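One structure below.
Bear in mind that the values in this text are calculations on the coordinates, not laboratory data. Everything quoted here is computed from the prediction, not taken from an experiment. Because the Cβ atoms are built from the backbone with ideal geometry, glycine has one as well, and the counts that use them run over all protein chains shown.
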Amino acid sequence: MKKLLIVEDEETLCLLYKEELSKEGYDVTVAYDTEQALELLGREQFDLIITDIRMPGRDGVELITEIMGLRKDVPIIINTAYQSYRDDFMTWAADAYVVKSSSLDELKSKIKDLLNR
Amino acid sequence: MIQTFQFSASDFQKDEPRELALLSIISQSFFQPFSIEDNLLVILTALTSGSGVGFNRALLFRTAGEMLKGELWLGPKSPQEANSIWEVLSTPGIGYIEIIEHNRALLRQQSDSLSERIKPLVYALDREPLMIPAVAAAKREVIWVKEAWSEPLVDKSFRDVINVNEFLCIPLFSGDEILGEVVLDNAITRRPIEHKDIQLASLCGLMAGNYIYATTLHKKLVDMERMAALGEMAMFVMHQLRNPLAAIGGFTDQLLHSPNDEVRTRRNLEIIRTEIQRLEEVLFKLSPFLKMDLRKPITFDMVPVVQAVLQSVSLMGNRKNVHIEVGMEDSLPEIYGDPTYIGEALRNLLENALDATKKGGRVSIRAGRSEPNWVVLSVEDTGRGFPESVKEKLFDPFFSTKDRGMGVGLFYVKRVMEACGGRIEVESEPGRGTIFRLFFRSREGKGENA
């Protein structure tokens with residue numbers, strides 16, 4: 001079973017992602033901020049990371065920078081309400097960029113694509 | 001025959017009362033909340049009224065791009081009309097305000113006549129051959145036309161419209177910017193134009209040019225600021241809506257796919273309801289921005305306003321177990337501002353203070369006189385405070401230190417304070433607390449009994 005790490009500060013969305021992606025057959029772990037995500041990454045192996053950008057404390061861009069420093073070869077999907085972070089070149093380090101919408105189809109298909117690569 | 005002049009006001013005798021009176025009246029009108037059109041009317045009035053420069057008629061051109069367009073023509077249509085107007089205007093005790101009112105009424109009445117006649121007059125300023133009147137504006141030169149009927153430089157259609165042998169063209173400009181032109185004549189009295197008239201008219205032209213320039217620049221700036229703020233706000237709203245919409249969409253899809261799971265249906269509906277409430281909150285929080293217009297401030301007693309706001313946040317204080325302490329100086333003077341907006345601003349500050357303060361902490365409100373004619377209202381908390389780096393951005397729109405903050409509260413407070421001619425100051429120390437001080441202009445001697 002592929003292991004996903006979701007980094008998202010909105011509890012409601014965490015619940016939604018966990019339920020929906022578990023249904024797709026993934027093992028889903030949730031972190032509510034960058035610190036928690038880094039702690040989990042230090043302990044466990046993940047096949048894919050899905051992260052929000054704007055979060056209290058250190059944001060998703062800082063998380064991506066840290067992950068790159070760890071030299072972990074794990075695909076990253078940015079999942080954010082903000083289109084404008086595409087302008088931040090650090091976000092180019094991610095493998096996919098999804099703007100949150102009322103449908104999870106795009107996120108689901110990006111996950112599938114990256115895991116099958 | 002024509003004669004040209006260097007455009008300057010330097011050879012004036014400064015102690016001449018007529019010039020001084022004219023200057024002061026025109027410049028005073030610029031400080032009034034008149035529209036640009038009204039202020040131009042003040043200048044045309046100054047040029048045509050007997051106590052001013054005393055021309056019979058004043059015709060105003062404004063530039064639009066590279067074109068000079070006829071806009072306003074002030075003056076009587078006929079000697080009969082002139083007599084009746086001048087009779088009114090020479091009534092003892094009549095002041096400038098009355099004359100302007102009168103002229104405004106006159107313009108409305110004759111909207112189908114004098115001003116209409118010059119509206120079709122349009123001249124290119126960047127194309128040769130430049131004819132009179134356009135040449136005065138284009139070259140920024142005062143032109144005195146003494147014999148219009150025999151002067152080949154005068155545009156024929158213009159001559160037909162103004163139908164007078166002698167007239168004066170005063171350019172309106174500021175720096176390199178050509179803004180318009182005023183054409184003056186004595187069509188009714190046939191009084192010859194004198195050097196003195198030209199000096200005075202030039203001075204009025206100089207002031208009008210700078211006035212138009214400053215006003216258009218200011219308007220452009222305000223528009224740009226507004227556009228930038230609007231763009232920022234539109235962006236922000238878009239983002240604020242996306243998270244709740246993602247949740248609503250996702251949980252609705254779950255409902256559609258498994259409609260028979262009763263427990264989950266109930267839970268999802270509750271989540272959806274909460275998220276919809278969040279959407280509403282976004283709209284609610286933005287609404288004070290959208291309707292905030294800068295009304296003319298009034299003077300009022302702040303005490304009842306502060307009390308009403310305290311009432312509205314007392315529940316929040318009780319819930320958080322934060323003590324709200326109030327200390328207001330007795331018989332405070334009335335302050336300038338809009339009580340509704342100021343109340344709302346104070347509520348924002350108090351809610352922030354309560355948010356930042358831990359259980360058992362204290363929030364204090366104090367009001368007192370500060371410097372003469374100023375009242376200061378302060379909101380102090382014993383909350384978490386913030387570092388210097390945050391202070392710089394604190395009043396920016398959409399900046400927030402709260403997880404779910406919108407970043408509109410303090411921006412709003414600052415705008416309210418600016419709108420009423422006051423100011424806001426802040427001091428903070430991380431871990432110790434924050435104090436906001438609102439400085440209001442006050443009216444001493446009033447409100448003692450309020």
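Pairs of Lys residues in region B:294-450 are counted when their Cα atoms are under 20 angstrom apart and they lie 8 or more places apart or on different chains; the count is 12. Counting other Cβ atoms within 10 Å as a rough exposure proxy, the listed residues B:Asp197, B:Asp381 run B:Asp197, B:Asp381 from fewest neighbours to most. A simple spin-label model places pseudo-atoms 7 Å from Cα toward Cβ; at B:His102 and B:Glu281 they are separated by 6.3 nm. Expressed to the nearest 5 percent, the antiparallel share of DSSP beta bridges inside the protein assembly as shown is 70 percent.
Let's test the formula: R0 of 45 Å, r as the Cβ-Cβ distance of B:Val426 and B:Ile36. What FRET efficiency results, to the nearest 0.05? Calculated value: 0.75.
Exposed loop sites were defined as GluC sites (Glu not before Pro) in DSSP loop states (anything but H, G, I, E or B) carrying at most 14 other C-beta atoms within 10 Å; in chain A the longest segment without such a site runs A:45-117.
Computed from backbone phi with θ = phi - 60° and the Karplus coefficients 6.51, -1.76 and 1.60, the 3J(HN,Hα) list for region A:100-117 is 4, 9, 6, 10, 8, 4, 5, 4, 4, 6, 5, 4, 4, 4, 5, 6, 8, 5 Hz; x is used for glycine and proline. Using R₀ = 60 Å, calculate the FRET efficiency as 1/(1 + (r/R₀)^6) where r is the Cβ-Cβ separation of A:Glu66 and B:Thr265; round to 0.05. Efficiency, from the Cβ-Cβ distance: 0.90.
Restricting the trypsin sites (Lys or Arg not before Pro) of region B:141-206 to loop positions (DSSP other than H, G, I, E, B) with no more than 12 neighbouring Cβ atoms within 10 Å leaves B:Arg190.
Per residue of A:12-21, other chain Cβ atoms within 10 Å of the residue Cβ number 5 on average. Between B:Glu388 and B:Leu20, the modelled labels are 5.1 nm apart [label points 7 Å from Cα along Cα→Cβ]. Please give, to one decimal in nm, the separation of the simple spin-label points placed at B:Asp176 and B:Val303, each 7 Å out from Cα toward the Cβ. Here the modelled spin labels are 6.0 nm apart. Taking every lysine pair in region A:3-115 that is 8 or more places apart or spans two chains, those with Cα atoms closer than 20 Å amount to 19. FRET efficiency for the pair A:Glu19 and B:Leu217, taken as 1/(1 + (r/R0)^6) with r the Cβ-Cβ distance and R0 = 45 Å, rounds to 0.20.
Annotation: lysines with alpha-carbon distance below 22 angstrom to B:Lys77 (same-chain offsets under eight excluded): B:Lys69, B:Lys119, B:Lys146, B:Lys156. On the principal axes of its alpha-carbon atoms, the protein assembly as shown has extents of 101, 66, 46 Å, going from largest to smallest. I need the shape label for region B:294-450. Rule: rounded when a/c is under 1.5, else prolate if a/b > b/c, else oblate, with a, b, c from the alpha carbon gyration tensor. Prolate. Here the Debye sum runs over all C-alpha atoms of region A:3-115 as equal scatterers in vacuum, and log10 of I(q)/I(0) at q = 0.12, 0.16, 0.20, 0.22 Å⁻¹ comes out as -0.35, -0.65, -1.08, -1.37. Per-residue Cβ neighbour counts within 10 Å put A:Val61, A:Val7 in the sequence A:Val61, A:Val7, beginning with the fewest.
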